[in-house]
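A.B. asks: Pasting a structure below so you can have a look.
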Amino acid sequence: MSAGASTPVQSVLADLQAIFGTRLHAFVVYAPTRTPRPSVAIVHSLELADLTACAGRAARWQRDGAATPVVLTRREFARSLDAFPVEFGEIIDSHETLFGDDPFAGLSVAPADLRRACESRTRSLLLHLREDYMEAAGDARAVSGLIVDSAPDFAAIIGLLARLDGRRLAGKDLAAWADERLGLDPRTVSDVLHVADHPETTTVDAVRLYPAYLAAVEQLARRVDEW
């Protein structure tokens, strides 16, 4: 087990070992910047009795500050990569194995599945930006709020597309890539990325930023469709 594993995570692992015994194939954590750090248990088989046993411990896990683990078989994980390319791709890319062998060795997300997920997320973001703007009814504070709320989704989409292009970028480098590869205004992208990174402290000039932000997402939808 990794020496960096937190006590709550160790407690979850110990419980899963007690419940599944030799049927527990592997236990991993991922997304190192998230709190509590999410986890995945890969098991050989999963029955209702196992879920019931986990349910009896879930309240303590939450009280101790541990995330409830995702529990599934390796076949289920592998067969779901096309359905959850973003979520499961994050697990593959950022996981740390705390028990067992690496359960995701040899697995990867198909680029076509990731592109399709990016298109779906982009079109959803575009629809929400339009709908929420209408519901804001000209209130600058409400428009500012919709920008703050949606900025992480925009940042995630741009980052995923850069990854599809074989690049792992952030900040100004990601904004420059979005300008060159997607034709997005780098200042607008930089502004929205800043909002995504500093939602609590940012001061958004909603009147200035919203039109450019909307235009950027519209352009993004066109480019993803052509990808």
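No lab work stands behind these numbers, since they all come straight from the coordinates. Predicted model only: the values in this text are computed from it and were never measured. No Cβ is skipped: glycine too gets one built from the backbone with ideal geometry, and neighbour counts run over all protein chains shown.
A.B. asks: On C-alpha positions alone, give me the angle between the axis of helix 140-164 and the longest principal axis of the chain, in degrees, nearest 10.
C.D. replies: Helix 140-164 sits at roughly 60 degrees to that axis.
A.B. asks: Further, regarding this structure: Can you give the helix-only mean residue ellipticity at 222 nm for the chain, where every DSSP H stretch with n ≥ 4 adds -39500 (n - 2.57) and the sum goes over all residues, rounded to the nearest 500 deg cm²/dmol?
C.D. replies: Helices in the chain give a 222 nm mean residue ellipticity of -20000 deg cm²/dmol.
A.B. asks: Please list, ordered by chain and number, the residues whose modelled amide H lies under 5 Å from the amide H of Thr73; skip anything fewer than 5 residues away on the same chain.
C.D. replies: Here the answer is Val43, since their amide H atoms fall under 5 Å of that of Thr73.
A.B. asks: Across 5 Å bins from 0, what is the distribution of all Cα-Cα pair distances for the range 61-117, in whole percents?
C.D. replies: 4, 16, 26, 24, 14, 10, 5, 1, 0
A.B. asks: If you don't mind, another one. For Val29, Val143, what ranking results if the residue with the fewest other Cβ atoms within 10 Å of its Cβ goes first?
C.D. replies: With the sparsest Cβ surroundings first, the list reads Val143, Val29.
A.B. asks: To the nearest 10 degrees, how steep is helix 206-226 against the longest Cα principal axis of the chain, on a 0 to 90 scale?
C.D. replies: Compared with the principal axis, the helix lies near 70 degrees.
A.B. asks: Here is a follow-up. Just add up the charged neighbours of His44: K/R +1, D/E -1, any other residue whose Cβ is under 9 Å from the Cβ of His44.
C.D. replies: Local charge sum for His44: +2.
A.B. asks: Does anyone have the angle between helix 85-94 and the longest principal axis of the chain? Alpha-carbon axes, 0 to 90°, nearest 10?
C.D. replies: Roughly 60 degrees, rounded to the nearest 10.
A.B. asks: Of all DSSP beta bridges located in the chain, what percent are antiparallel, nearest 5?
C.D. replies: So the antiparallel bridges amount to about 70 percent of the total.
A.B. asks: Quick one: among Phe20, Phe77, Phe154, which has the greatest mean-square fluctuation in a GNM of the chain with alpha-carbon springs under 10 angstrom?
C.D. replies: Phe20
A.B. asks: Could you list the GluC sites (Glu not before Pro) in the range 162-227 that lie in coil according to DSSP, counting only those with at most 11 other Cβ atoms within 10 Å of their Cβ?
C.D. replies: Glu200
A.B. asks: Counting only C-alpha contacts under 8 Å and six or more residues apart, can you give the relative contact order of the range 44-174 as a whole percent?
C.D. replies: Here the relative contact order equals 18 percent.
A.B. asks: Considering only Thr68, Thr22, Thr122, give the residue with the highest GNM mean-square fluctuation for the chain, with springs between Cα atoms whenever their separation is below 10 Å.
C.D. replies: In the Gaussian network model the winner is Thr22.
A.B. asks: Something else now. From the P(r) of the range 69-181, can you give the percent of Cα pairs sitting at distances over 16 Å?
C.D. replies: Beyond 16 Å sits 67 percent of the P(r) for the range 69-181.
A.B. asks: For the range 7-100, just say rounded, prolate or oblate: build the C-alpha gyration tensor, square-root its eigenvalues into a ≥ b ≥ c, call rounded for a/c under 1.5, and beyond that prolate if a/b exceeds b/c, oblate if not.
C.D. replies: Oblate, since a/c reaches 1.5 and b/c is not below a/b.
A.B. asks: Which of the trypsin sites (Lys or Arg not before Pro) found in the range 1-101 are in a DSSP loop and have at most 12 neighbouring Cβ atoms, other than their own, within 10 Å?
C.D. replies: Passing sites in the range 1-101 are Arg34.
A.B. asks: Pick from Leu48, Leu72, Leu182 the residue whose mean-square fluctuation is largest in a GNM of the chain, springs joining Cα atoms under 10 Å.
C.D. replies: Sorting by GNM fluctuation, first place goes to Leu48.
A.B. asks: How high is the relative contact order of the chain? Use alpha-carbon pairs under 8 Å, at least six apart in sequence, and give a whole percent.
C.D. replies: 17 percent
A.B. asks: Starting from the eigenvalues of the Cα gyration tensor, five times each then square-rooted, give me the equivalent ellipsoid semi-axes of the range 35-88, largest first, whole Å.
C.D. replies: Over the Cα atoms of the range 35-88, the semi-axes work out to 22, 16, 7 Å.
A.B. asks: Now for a separate question. For Ser45 and Ala58, compute 0.36 nm times the residue count separating them, minus their Cα-Cα distance, and round to one decimal in nm.
C.D. replies: Using 0.36 nm per residue and subtracting the Cα-Cα distance, I get 2.7 nm.
A.B. asks: At a 10 Å Cβ-Cβ cut-off, how would you order Arg130, Arg141, fewest neighbours first?
C.D. replies: Arg141, Arg130
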